[in-house]
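Report on one structure; see the data block that follows.
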Amino acid sequence: RNSKMSDLKRYEVLLAAANFYEEDLEDNDLASLRCREAIKLNPKDPRAIAAYATLLYTHHEDLNLAEKYFRQALKMDVNSVDCILGFAKFQLQGRKNIAMGEHYIQMALKKEATSIEALLAYARFWRY
């Protein structure tokens, strides 16, 4: 049981580290590594999968693999606003598919109408 708790804590630390490396240090290689470690530790949680998908298209420029990971994350949790918004951003920025990007932003808003992230994504959408 203690081992399981430490795995859950380690998973959260890896996710936080990936975010820190990407956003604060702009070290996308280390961020990718931490995401992959988190996925190996807990392959059933879509958060690390979606985070890695984002890195795949923004840093590694692998749109096809990124889409595969995003779809896997969405399939795992169809109600995850974070995953939906990540895929919306991928559609807008990676695929340049404005209609699909808007569709997924709208979907996120339907799931959680008061989500600050979804409302911000919708406000930013109007740049396109």
Open item on the list: Just to make sure I understand: if all protein chains stay in place, what is the order of 98, 39, 84, 116 by accessible area at 1.4 Å, largest first?
Closed with: 116, 98, 39, 84
TODO: Arrange the peptides 46-52, 109-115 so that the one whose residues have, on average, the most other Cβ atoms within 10 Å appears first.
DONE: 46-52, 109-115
- [ ] Mind checking which lysines have their Cα closer than 19 Å to the Cα of residue 68? Skip sequence neighbours fewer than 8 apart in that chain.
- [x] 40, 44, 89, 96
TODO: List the extent of the Cα atoms of the chain along each of their three principal axes, largest first, rounded to whole Å.
DONE: 46, 29, 25
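The values are calculated or read from the model by the stated rules, or taken from the named source; none is laboratory data. Note that the structure is a prediction, hence the values are computed from the model and not measured. Reconstructed Cβ throughout: ideal geometry from the backbone, glycine too, with neighbour counts over all protein chains shown. All accessible areas refer to the heavy atoms of the entire protein, side chains included, with ligands and DNA or RNA removed. Shrake-Rupley method; radii C 1.70, N 1.55, O 1.52, S 1.80 Å.
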